Amino acid sequence: MPKIVSSHELDAICTAVARFPNGASIEDIALTLGGDLPLRTLQRRIAALIAAGRLTAVGSARARRYRPAAPDFAIPVIGSGIVSSPEELYLPISMEGEDIRRSVRRTIPERRPVGYDRNFLERYRPNETFYLSSVMREHLFEIGRSPDDQRPAGTYARQIFDRLLIDLSWNSSRLEGNTYSLLETERLLELGESADGKKAFEAQMLLNHKAAIELLVEQADEIGFNRYTILNLHALLSNNLLADPRACGRLRAIPVAVSGTVYQPLAVPQTIEKDFQLLLDTASAIADPFEQAFFVMVHLPYLQPFEDVNKRVSRLAANIPLIRRNLCPLSFIDVPDRAYVDGILGVYELNRVELLRDVFVWAYNRSCERYSALRRSLGEPDPFRMRHRQAIAAAVAAVVTGVLDKERGIALIKEAAERSVPPAERPRFIEVVETELMSLHEGNIARYRIRPSQYRSWQVVWR
């Protein structure tokens, strides 16, 4: 006897489709519904809705998109009944995400104060508990994978490093209220020039992101969910931004409060230490890179292990498994700040992850669109340069920072070749380093950790 499908299930699919003004793919619908419905079952439901005249389909195969057949099923991206501006930018969210948003948008007096709940972390069982459904994880892997999965860790990130450095620094800082524009950020990171009229801490925040991203990419084969990586990420991101400089890279020993929420973080230092280690152990045990990334985005801010800069650490730490596995990195391109904040508040106050999950999945789709196009324009990377990237970078930097003229520079490059590569590869190594030196300009010196002042001094003697 065929199963009777409830009208509620069918209405939910129509509602999900209506959230995509340009048409929804089967993956969009599955993700909006939470990813719990098997793909074949969802396809049958959609076919029934098309037959009933409630949905229409255009395109074929992977380009196929579904739309409401009538305006009755269209709903606005911005939910009604919520205190928000009509001009507010948001993103498509699931019904569970909408429920969370309504809860955290109530005024502070209407929300019940809550404290840290250790059970939220303890209930999670690596590879048994999943915040991301199997449909979501498969979708993210499909759009984020690259042909470089067998190459050294960090290959993908290095190929797009210049763009990633600016995108992730700017977007992560923007989510903290930083007012630098994208072009101002680019000028600061590439030329070291601060924007007029901006506060000093904003430039410091962006420069700190640059240093932290360089750590993740340069040490891609060493980073992980361990104390070294996370504490050093915090030290770099909080550099010159905390009232107590000794708090950089250290777990907090004082109580903190989070503005704009009724959530009160943990206050006992011994418990913070214990739960921080449990968080790292749990994250390390998760096999799926996307589940791992999202787990850290949820639990690092919730624990608040540091005096400040916790969310920034979580956003960069989410990239650790992606960089290590040569998957597309996550740079939070176009993520509305209010959507991200609402998702975090849902974790703080309700211990619910669905809205932040919606943000994570949407943001990853956007990042993949950007970087897959960028990589196609770059072409296939040179295996020789990949294999000797550290020695090449060291030789280039040594010539410039040593302010060597061409005669002394050539001698240093030959010495580096003899020291770093086999005899048969030395002529190619010398050619690559010399080509890199001839191609240097103020817009690309950051990749070698060369400061503008060092570059200008070197230019005088190299001519």
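The values are calculated or read from the model by the stated rules, or taken from the named source; none is laboratory data. These numbers were taken from a predicted model, which means no experiment stands behind them. Cβ placement follows ideal geometry from the backbone for every residue including glycine, while neighbour counts extend to all protein chains displayed.
Some points to look at:
- Those residues of the range 50-78 which are within 22 Å of S133 (Cβ to Cβ) and modelled with pLDDT under 80, in sequence order: R62
Per-residue answers, yes or no, for (1) farther than 25 Å from F161 by Cβ; (2) among the β-branched types (V, I, T):
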residue	(1), (2)
R408	yes, no
A411	yes, no
P422	yes, no
R426	yes, no
I430	no, yes
M438	no, no
H441	no, no
R447	no, no
V461	yes, yes
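- The single residue among R118, R106, R112, R101 that is within 24 Å of the chain's Cα centre (by Cα), at pLDDT 85 or above and either in the same structural domain as L279 (by TED's automatic domain parsing) or under 20 Å from R338 (Cβ atoms) (or both) turns out to be R101.
- Of the residues making up the range 287-326, those that are assigned to a helix (DSSP H, G or I) and among the charged types (D, E, K, R) number 5.
- Residue selection: D337 satisfies the criterion of being within 22 Å of R101 (Cβ to Cβ) and surrounded by fewer than 19 Cβ atoms within 10 Å (Cβ to Cβ).
- When the range 79-98 is limited to residues that are of a type in the set (A, V, I, L, M) and surrounded by 12 or more Cβ atoms within 10 Å (Cβ to Cβ), the one that is modelled with the highest pLDDT turns out to be M95.
- I286 being aliphatic (A, V, I, L, M), surrounded by fewer than 24 Cβ atoms within 10 Å (Cβ to Cβ) and modelled with pLDDT under 95: no
- Within the range 251-283, the only residue that satisfies the criterion of being assigned to a helix (DSSP H, G or I) and either touching a strand residue (DSSP E or B) at 6+ places or on another chain (Cβ under 6 Å) or surrounded by fewer than 12 Cβ atoms within 10 Å (Cβ to Cβ) (or both) is Q270.
- Residue match in the range 433-446 (condition: surrounded by 13 or more Cβ atoms within 10 Å (Cβ to Cβ) and over 37 Å from the mean Cα position of the chain (by Cα)): no
- Considering residues of the range 251-305 that are of a type in the set (S, T, Y) and closer than 23 Å to L330 by Cβ only, the residue farthest from the chain's Cα centre (by Cα): T282
For every residue, the table says whether it meets (1) in contact (Cβ under 8 Å) with a residue 40 or more places away in the chain; (2) outside the structural domain of A446 (by TED's automatic domain parsing); (3) more than 25 Å from E349 (Cα to Cα); (4) surrounded by fewer than 18 Cβ atoms within 10 Å (Cβ to Cβ).
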position	(1), (2), (3), (4)
E184	no, yes, yes, no
K199	no, yes, yes, yes
L206	no, yes, yes, no
H209	yes, yes, yes, no
L237	yes, yes, yes, no
